[in-house]
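**Q** Let me give you the structure first, and then I'll get to my questions.
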Ligand SMILES: Cc1cc2nc3c(=O)[nH]c(=O)nc-3n(C[C@H](O)[C@H](O)[C@H](O)COP(=O)(O)OP(=O)(O)OC[C@H]3O[C@@H](n4cnc5c(N)ncnc54)[C@H](O)[C@@H]3O)c2cc1C
């Protein structure tokens, strides 16, 4: 046995078969290859494919929302978490091993180079899936998506049966089929084309010096349909503004049984923006605008879901943090639980009917206790993200102001059916006019704009079929992704319930 393989005989084996989401386990997996180098990946991939064909999966942080890595058919896992080096190559720029995590990449880029990625904040999310699927976070209105900065990718591919798995470097400067392969890594998602070993960025944004974290909590007893509508309108105005790209808001519309709605806003401040007084005044203005809609308070309960944060103040200087401290404060991934997620992009505000539907599902009481960790999270979007053309990367959604994430968590298996039904009913109800999904082709008001591939939702396959689901993620970019897949993985070795189909 090579030194980087583990199997049933090893005490740690079971732990490698489990996703962050407690729903997913690879119960029939026979071997996990713990790769330390790109050469290990080549050897492991070649061997695993010869033994198990398409039942080989790649694992970085293990945070996939669906069972794409950990399922009953999985026979071998290529675990690349040890490929986590970070550095600066004189020719190719900053590089990150794809086995790193949000937190490991943040600390090294920030401490060593004073740079940041506009990626997600949750510490444990892996770069293998996160960056290849787009990667957005609290700095994305200011700096765009992570893939908007990506300039090169090293990956191990297996094009044909006869040609051994081998490493290739593709970049912005590549041409022909290699240009397609590079483009596909900029949001076409992990688990589709090969094993990514390294990401390269010729330039990266400078780190902010400080950040305000403003946290507001609205008591559900004060909220009726009217107030909910006003809060959403305020948030739409906030998200479409052109003068606040340094701000990012997360509005957590928790189920009523959780008692509070939460809003967190991060305001990043550049090192040259010395006038903190001005920022302080603008924070106070923001707080007043919200108070005119609804009384707000300091959160009394732990905030649900990832990016959770329990602050103690809203508008004093105490909520001004050094940037490292701000990132550390907002980096929670939440506990390992069972969870289900759905997503949607929106270009405009919610209609009155939408608000009524949201209110209805958030106040529904099929089983109060089971739903106290269920929510609709609305993230402000747009800003720099919307300055890119819809075909520049595989992510076509370049004029939305909101990214929505429907979430339901449960800690006891017996609550699964209530939570799964709630989230599906909510989603299909709000998009019923467009075929029960946010399909822009069926929305004459040009509001909804598909879904985010990094928030995969296998339920979509049941509602609109695989082709329909892939259309929602990639819209006009799907054809190019399919032809790239055909070129680089014609045997469909890299597959899942929602992998890019062959042409
Ligand atoms: C707590 C939490 C917080 C999140 N926050 C954000 C956020 O703020 N912003 C955001 O954009 N997304 C966020 N996400 C979604 C996240 O970006 C995706 O779940 C992402 O795909 C996870 O990557 P991973 O490597 O951890 O997962 P994995 O389960 O390891 O991988 C996900 C997919 O990518 C494939 N893959 C993994 N590594 C490689 C590789 N090296 N080469 C090729 N394919 C690979 C896998 O096979 C799988 O199909 C969050 C998810 C969670 C659970």
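The values are calculated or read from the model by the stated rules, or taken from the named source; none is laboratory data. Nothing here was measured: the structure is a model prediction, and the numbers come from that model. Please note: Cβ atoms are built from the backbone with ideal geometry, for glycine as well, and neighbour counts cover all protein chains shown.
**Q** Criterion first (assigned to a helix (DSSP H, G or I) and more than 26 Å from residue 489 (Cα to Cα)) does residue 14 satisfy it?
**A** yes
Residues are listed down the side, and each one gets a yes or a no for (1) within 16 Å of the ligand (Cβ to nearest atom); (2) at pLDDT below 95:
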site: 193; (1), (2): yes, no
site: 198; (1), (2): yes, no
site: 204; (1), (2): no, no
site: 207; (1), (2): no, no
site: 215; (1), (2): no, yes
site: 224; (1), (2): no, no
site: 227; (1), (2): no, no
site: 231; (1), (2): no, no
site: 234; (1), (2): no, no
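**Q** Still on this structure, please answer the following. Taking the stated definitions as given, is residue 184 buried (at least 24 other Cβ atoms within 10 Å of the Cβ), in contact (Cβ under 8 Å) with a residue 40 or more places away in the chain and more than 10 Å from the ligand (Cβ to nearest atom)?
**A** Yes.
**Q** Here is a further query. Give 492, 454 a once-over and let me know the one that is over 22 Å from the mean Cα position of the chain (by Cα), under 30 Å from residue 158 (Cα atoms) and in a loop (DSSP other than H, G, I, E, B).
**A** From the options 492, 454, the qualifying one is 492.
**Q** If you check residue 378 against the conditions, is it closer than 24 Å to residue 130 by Cβ, in contact with a strand residue (DSSP E or B) (Cβ under 6 Å, 6 or more places away or on another chain), touching a residue at least 40 places away in the same chain (Cβ under 8 Å) and not assigned by TED's automatic domain parsing to the domain that holds residue 171?
**A** Taking the combined requirement at face value, the residue satisfies it.
**Q** Next up: How many residues are within 8 Å of the ligand (Cβ to nearest atom) and in a helix (DSSP H, G or I) when one looks only at the range 120-145?
**A** Counting residues in the range 120-145 that are within 8 Å of the ligand (Cβ to nearest atom) and in a helix (DSSP H, G or I) gives 5.
For (1) more than 24 Å from residue 247 (Cβ to Cβ); (2) free of Cβ contacts under 8 Å to residues at least 40 places away in the same chain; (3) assigned to a helix (DSSP H, G or I), each residue gets a yes or a no:
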{"position": "326", "(1), (2), (3)": "no, no, yes"}
{"position": "339", "(1), (2), (3)": "yes, no, no"}
{"position": "348", "(1), (2), (3)": "no, no, no"}
{"position": "365", "(1), (2), (3)": "yes, no, no"}
{"position": "393", "(1), (2), (3)": "no, no, no"}
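**Q** Next question. Any chance the range 156-173 includes a residue that's near the ligand (Cβ under 8 Å from one of its atoms) and touching a strand residue (DSSP E or B) at 6+ places or on another chain (Cβ under 9 Å)?
**A** Looking through the range 156-173, none of the residues is near the ligand (Cβ under 8 Å from one of its atoms) and touching a strand residue (DSSP E or B) at 6+ places or on another chain (Cβ under 9 Å).
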